[in-house]
Amino acid sequence: EITSLLSLYGGQFSGEQEIRVNSPFWILNISSEEMARGLMKRTVCAKSVFELWGHGRSAGELYASLKNYPIDKMLPYLQSDSTYKVHIHTFNKTLTQAQKIKKIDALEFLPFKGKVNLKNPEHIFWILEDYGMDPNNVPEEPFHLYFGRWIADGQRELIESYSVKKRHFIGNTSMDACLSFIMANHGRVKPNDVVYDPFVGTGGLLISSAHFGAYVCGTDIDYNTIHGLGKASRKNQKWRGPDENIRANLRQYGLEKYYLDALVSDSSRPIWRKGMLFDAIITDPPYGIREATRRTGSQKETVKSAEKSAENHIFVSSSYHLSDIFFDLLKFAAEYLVMGGRLVYWLPTYRPEYTEEIIPRHPCLKLISNCEQMLSSHTSRRLITMEKVKEFK
């Protein structure tokens, strides 16, 4: 998620840290504080961003690093008419209050001239200590220490405010809020983009894109879901209410102006005119586990069913193989995405047999990222992000 947002806002991972995959702390090179704030207005994975004043593998290294930090960069935040406080955050260890105070007092060599204000300070400084990822084997001393000035927090509260539990219209497989925001960030969705979901369902993935200012639309083969008819997915509710639909969900969050439309259509038969239309395609295809996979059947099958049923205006749906779903999706993305546009989707995998080779490929699309979400000891799904790099022929 951070890599995608850095490519949208600018900045990069720092070369000075060895990439420790299992560390919760990352050092980034970002050219301005504004850029850092832009990044944090989007991320749901990162907690906070700080201006790094010093770091090291021991307290001594940290203090030496702080003494080397240019004094003219510190001074604006240490003036005598300003207020400040110092926080300590330890990852994988709990410190007593006395230990915390001792660590804060050890920083008295920094030229703080302002007053301490614990309730409403102008500047907040953090000491961050990394005690590794193994809760059963916590070291006495941290592996790494950081000290810096707090700039901004991430968007963790979006997960709660957009929670599916409080949403007006949901289905059996509505995507949880955290993952749908991560998907929108992987797709680098920005204001005025047009974002499309070919398996829109109850529209959970449209909400996160609309939150970031994109215009959203979708299609689904299920007439009842698109129109909010039929049985409800909520416990203790038998039928869906008169206003349970995708538009009502966007209205609930004040995002209705970003809603283009949702159409009943079969994603294996494109309904769109030729030409590039979408800035991002963000979707969760049906895997046939909790939602059935289907497509519209052939004319012959329809005729057979018409003899049996009076409702012959409804197409018969035939089974739609999983591999066909993904190949159709990639071909559609290659044709209808703008150059540099992104396709973000979930791919179910059987872990004992998984290899990188099973990921569907297309010559117009470049694989950007592949992240695993484990579902059980032997099944998982992978969030695949691809970018259009070649014209579709």
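The values are calculated or read from the model by the stated rules, or taken from the named source; none is laboratory data. From a predicted model like this one, the values you see are computed outputs, not experimental measurements. Glycine gets a Cβ as well: all are built from the backbone with ideal geometry, and neighbour counts include every protein chain shown. Heavy atoms of the whole protein, side chains included, go into the accessibility calculation; ligands, DNA and RNA do not. Shrake-Rupley method; radii C 1.70, N 1.55, O 1.52, S 1.80 Å.
Observations
- Given (1) more than 23 Å from V44 (Cα to Cα); (2) assigned to a loop (DSSP other than H, G, I, E, B); (3) in the same structural domain as I2 (by the TED database), number of the condition G171 does not satisfy: (3)
- Residue that is farthest from A184 (Cα to Cα) [pool: residues in segment 209-244 that are among the aliphatic types (A, V, I, L, M) and at pLDDT 90 or above]: L229
- Checking K67 against (1) surrounded by 14 or more Cβ atoms within 10 Å (Cβ to Cβ); (2) more than 30 Å from N136 (Cβ to Cβ); (3) not hydroxyl-bearing (S, T, Y), the condition it does not meet: (1)
- Screening the candidates L75, L118 for the property of being open to solvent by 50 Å² or more (accessible area, probe 1.4 Å), more than 27 Å from N185 (Cα to Cα), free of Cβ contacts under 8 Å to residues at least 60 places away in the same chain and in contact with a Pro (Cβ under 9 Å, 6 or more places away or on another chain) yields one hit, L75.
- Close pairs (8 angstrom Cβ cut-off, 6 or more residues apart or separate chains): without any contact (Cβ under 8 Å) to a residue 40 or more places away in the chain and within 22 Å of M183 (Cα to Cα) in segment 255-283, crowded, with 19+ Cβ neighbours inside 10 Å and aliphatic (A, V, I, L, M) anywhere: E256/L250
- Comparison of K393, K304, K388, K308 shows that the only residue that is more than 26 Å from V264 (Cα to Cα) and at pLDDT below 95 is K393.
- Looking across segment 261-281, just one residue is farther than 25 Å from S318 by Cα, among the hydrophobic types (A, V, I, L, M, F, W, C) and out of contact with any Gly (no Cβ under 9 Å at 6 or more places or on another chain), and that is L277.
- Hits in segment 335-393 - residues which are more than 26 Å from D176 (Cβ to Cβ) and part of a helix (DSSP H, G or I): E335, Y336, P352, E353, E356, E357
- Number of the exception - I30 against (1) surrounded by 19 or more Cβ atoms within 10 Å (Cβ to Cβ); (2) over 16 Å from T3 (Cβ atoms); (3) aliphatic (A, V, I, L, M): (2)
- Each residue in segment 220-239 was checked for being part of a strand (DSSP E or B) and touching a helix residue (DSSP H, G or I) at 6+ places or on another chain (Cβ under 8 Å), and 1 pass.
- Any pair with Cβ under 8 angstrom, 6 or more apart, that starts in segment 52-64 at a residue that is open to solvent by less than 50 Å² (accessible area, probe 1.4 Å) and ends at one that is of a type in the set (V, I, T): H55/I27
- Under the condition of being acidic (D, E) and touching a Leu at 6+ places or on another chain (Cβ under 8 Å), the residues counted in segment 248-272 number 1.
- Criterion (at pLDDT 95 or above and at negative phi) met by exactly one of L260, L322, L277: L260
- Selection status of L95, assigned to a loop (DSSP other than H, G, I, E, B), surrounded by 13 or more Cβ atoms within 10 Å (Cβ to Cβ) and at pLDDT 95 or above: yes
- Which numbered condition N236 fails, given (1) more than 30 Å from G10 (Cβ to Cβ); (2) buried (at least 20 other Cβ atoms within 10 Å of the Cβ): (2)
- Where W346 falls short, out of the listed (1) over 20 Å from the mean Cα position of the chain (by Cα); (2) open to solvent by less than 10 Å² (accessible area, probe 1.4 Å): (1)
- Looking across M133, M175, M183, one residue alone is modelled with pLDDT under 95 and among the hydrophobic types (A, V, I, L, M, F, W, C). It is M133.
- Just one of the listed residues (I289, I271) is within 24 Å of F332 (Cβ to Cβ) and modelled with pLDDT of 90 or more, namely I271.
- Residues (surrounded by fewer than 21 Cβ atoms within 10 Å (Cβ to Cβ) and among the hydrophobic types (A, V, I, L, M, F, W, C)) located in segment 183-214: V194, F212
- Against the conditions (1) open to solvent by less than 10 Å² (accessible area, probe 1.4 Å); (2) free of Cβ contacts under 8 Å to residues at least 60 places away in the same chain, S174 satisfies every one except (1).
- Inclusion of K93 among residues that are basic (K, R), touching a Pro at 6+ places or on another chain (Cβ under 8 Å) and over 18 Å from G11 (Cα atoms) is warranted.
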